[in-house]
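The block underneath contains the structure these notes are about, expressed in C-alpha coordinates.
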Amino acid sequence: MSFSDHSTRSNDSAQTASATSVKRGNGLATASLVLGIAAILLFWTVFGGIVLGLLALVFGVIGARKARRGGGPHSRMSLIGAILGVLAALASAVILAIGASILGSDEFKNFDDCVEHAGTQAERNACAKDFDRELND
(Lines give C-alpha, C1' and ligand atoms only; values in the text may rest on other atoms or scores of the structure.)
Protein backbone atom coordinates (compact mmCIF):
# COMPACT_ATOMS: atom_id res chain seq x y z
CA MET A 1 0.00 0.00 0.00
CA SER A 2 1.49 3.31 -1.04
CA PHE A 3 1.26 6.58 0.84
CA SER A 4 -1.19 8.05 -1.68
CA ASP A 5 -3.61 5.10 -1.25
CA HIS A 6 -3.52 5.47 2.51
CA SER A 7 -4.24 9.22 2.43
CA THR A 8 -7.17 8.71 0.03
CA ARG A 9 -8.79 6.16 2.32
CA SER A 10 -8.34 8.46 5.32
CA ASN A 11 -10.00 11.33 3.49
CA ASP A 12 -12.94 9.14 2.44
CA SER A 13 -13.60 8.00 5.99
CA ALA A 14 -13.29 11.59 7.30
CA GLN A 15 -15.81 12.85 4.72
CA THR A 16 -18.24 10.07 5.60
CA ALA A 17 -17.95 10.85 9.31
CA SER A 18 -18.47 14.58 8.78
CA ALA A 19 -21.44 14.02 6.46
CA THR A 20 -23.26 11.88 9.02
CA SER A 21 -22.57 14.25 11.93
CA VAL A 22 -24.04 17.32 10.21
CA LYS A 23 -27.33 18.36 11.79
CA ARG A 24 -30.18 19.11 9.49
CA GLY A 25 -31.91 22.43 10.09
CA ASN A 26 -35.56 23.27 10.02
CA GLY A 27 -35.93 25.96 7.37
CA LEU A 28 -39.67 26.16 7.97
CA ALA A 29 -39.07 27.12 11.60
CA THR A 30 -36.69 29.88 10.56
CA ALA A 31 -39.10 31.11 7.88
CA SER A 32 -41.95 31.09 10.38
CA LEU A 33 -40.01 33.14 12.92
CA VAL A 34 -38.80 35.67 10.34
CA LEU A 35 -42.29 36.05 8.86
CA GLY A 36 -43.82 36.32 12.33
CA ILE A 37 -41.44 39.10 13.32
CA ALA A 38 -42.03 40.92 10.03
CA ALA A 39 -45.79 40.55 10.50
CA ILE A 40 -45.61 42.01 14.02
CA LEU A 41 -43.57 44.95 12.76
CA LEU A 42 -45.95 45.55 9.82
CA PHE A 43 -49.28 44.62 11.44
CA TRP A 44 -50.75 48.04 10.67
CA THR A 45 -50.72 47.21 6.95
CA VAL A 46 -53.01 44.61 5.42
CA PHE A 47 -50.13 42.88 3.64
CA GLY A 48 -47.87 42.88 6.67
CA GLY A 49 -50.34 41.75 9.26
CA ILE A 50 -52.69 39.41 7.51
CA VAL A 51 -50.67 37.93 4.65
CA LEU A 52 -47.33 37.59 6.45
CA GLY A 53 -49.10 36.53 9.64
CA LEU A 54 -50.96 33.73 7.91
CA LEU A 55 -47.78 32.59 6.14
CA ALA A 56 -45.96 32.55 9.50
CA LEU A 57 -48.79 30.47 10.96
CA VAL A 58 -48.72 27.93 8.13
CA PHE A 59 -44.92 27.59 8.13
CA GLY A 60 -44.90 27.40 11.93
CA VAL A 61 -47.43 24.58 12.08
CA ILE A 62 -45.67 22.61 9.34
CA GLY A 63 -42.25 23.23 10.95
CA ALA A 64 -43.50 22.12 14.38
CA ARG A 65 -44.98 18.93 12.93
CA LYS A 66 -41.73 18.23 11.11
CA ALA A 67 -39.75 18.75 14.32
CA ARG A 68 -42.09 16.49 16.31
CA ARG A 69 -41.70 13.68 13.79
CA GLY A 70 -37.93 13.92 14.11
CA GLY A 71 -37.40 15.55 10.75
CA GLY A 72 -35.79 18.67 12.16
CA PRO A 73 -35.09 20.73 15.26
CA HIS A 74 -36.54 24.03 16.46
CA SER A 75 -40.13 23.20 17.33
CA ARG A 76 -40.19 26.13 19.77
CA MET A 77 -39.00 28.48 17.04
CA SER A 78 -41.83 27.24 14.84
CA LEU A 79 -44.39 27.78 17.58
CA ILE A 80 -43.12 31.28 18.39
CA GLY A 81 -43.30 32.22 14.70
CA ALA A 82 -46.83 30.84 14.45
CA ILE A 83 -47.96 32.71 17.58
CA LEU A 84 -46.45 35.98 16.35
CA GLY A 85 -48.18 35.44 13.01
CA VAL A 86 -51.55 34.87 14.66
CA LEU A 87 -51.16 37.95 16.87
CA ALA A 88 -50.20 40.12 13.89
CA ALA A 89 -53.09 38.78 11.77
CA LEU A 90 -55.58 39.43 14.58
CA ALA A 91 -54.28 42.95 15.21
CA SER A 92 -54.39 43.72 11.50
CA ALA A 93 -57.93 42.34 11.23
CA VAL A 94 -59.04 44.54 14.15
CA ILE A 95 -57.50 47.61 12.52
CA LEU A 96 -59.17 46.69 9.23
CA ALA A 97 -62.56 46.28 10.95
CA ILE A 98 -62.23 49.62 12.74
CA GLY A 99 -61.27 51.33 9.49
CA ALA A 100 -64.20 49.77 7.65
CA SER A 101 -66.64 50.80 10.37
CA ILE A 102 -65.37 54.39 10.31
CA LEU A 103 -65.51 54.59 6.52
CA GLY A 104 -69.04 53.19 6.54
CA SER A 105 -70.36 55.54 9.22
CA ASP A 106 -72.84 58.33 8.59
CA GLU A 107 -70.43 60.86 10.09
CA PHE A 108 -67.76 59.98 7.55
CA LYS A 109 -70.24 60.17 4.68
CA ASN A 110 -71.29 63.64 5.84
CA PHE A 111 -67.64 64.68 6.10
CA ASP A 112 -66.89 63.30 2.62
CA ASP A 113 -69.84 65.19 1.10
CA CYS A 114 -68.81 68.37 2.89
CA VAL A 115 -65.21 68.15 1.63
CA GLU A 116 -66.36 67.45 -1.93
CA HIS A 117 -68.54 70.56 -1.96
CA ALA A 118 -66.00 72.78 -0.16
CA GLY A 119 -64.32 75.26 -2.47
CA THR A 120 -61.76 76.79 -0.14
CA GLN A 121 -59.40 75.61 2.55
CA ALA A 122 -61.44 77.43 5.19
CA GLU A 123 -64.53 75.44 4.21
CA ARG A 124 -62.53 72.18 4.40
CA ASN A 125 -61.30 73.15 7.87
CA ALA A 126 -64.91 73.80 8.89
CA CYS A 127 -65.80 70.31 7.60
CA ALA A 128 -63.03 68.81 9.72
CA LYS A 129 -64.27 70.67 12.82
CA ASP A 130 -67.83 69.48 12.20
CA PHE A 131 -66.59 65.89 11.77
CA ASP A 132 -64.66 66.03 15.05
CA ARG A 133 -67.71 67.47 16.81
CA GLU A 134 -69.96 64.70 15.42
CA LEU A 135 -67.53 61.98 16.52
CA ASN A 136 -67.13 63.38 20.03
CA ASP A 137 -70.85 63.90 20.66
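Converting phi to 3J(HN,Hα) with the Karplus coefficients 6.51, -1.76 and 1.60 and the offset θ = phi - 60°, the stretch 132-137 yields 4, 5, 5, 5, 7, 7 Hz in sequence order, with x at every glycine or proline.
The stretch between GLU107 and ASN136 holds 9.4 nm of extra length on full extension. This uses 0.36 nm per residue minus the Cα-Cα distance.
With all protein chains kept in place, the per residue accessible area of the stretch 17-118 amounts to 62 square angstrom at a probe of 1.4 angstrom.
Each residue of the stretch 26-33 is assigned a 3J(HN,Hα), and the resulting list reads 10, x, 5, 5, 5, 4, 4, 5 Hz, derived from the Karplus form 6.51 cos²θ - 1.76 cosθ + 1.60 (θ = phi - 60°), x at Gly and Pro.
Using the average count of surrounding beta-carbon atoms within 10 Å as a protection proxy, the listed peptides 116-127, 85-96, 28-39 rank, highest first, as 28-39, 85-96, 116-127.
Surface composition of the stretch 24-108: carbon plus sulfur atoms hold 77% of the accessible area, using a 1.4 angstrom probe and ignoring ligands, DNA and RNA. Sparsely packed loop sites in the stretch 21-85 (the trypsin sites (Lys or Arg not before Pro) outside DSSP H, G, I, E and B with at most 10 other Cβ atoms within 10 Å) comprise LYS23, ARG24, ARG69.
With r as the distance between the Cβ atoms of THR45 and ALA118 and R0 = 30 Å, compute the FRET efficiency 1/(1 + (r/R0)^6) and round to 0.05. Please report the intermediate quantities before stating the final value.
Numbers: r = 30 Å, r/R0 = 1.00.
Taking R0 as 30 Å, the efficiency between ALA118 and THR45 is 0.50.
The values are calculated or read from the model by the stated rules, or taken from the named source; none is laboratory data. Treat the numbers as computed from the prediction; the structure is a model and nothing was measured. Heads up, the Cβs are rebuilt from the backbone with ideal geometry, glycines too, and the neighbour counts pull from every protein chain shown. Just so you know, the surface numbers come from the protein's heavy atoms only, side chains and all, with ligands and any DNA or RNA stripped out. Shrake-Rupley method; radii C 1.70, N 1.55, O 1.52, S 1.80 Å.
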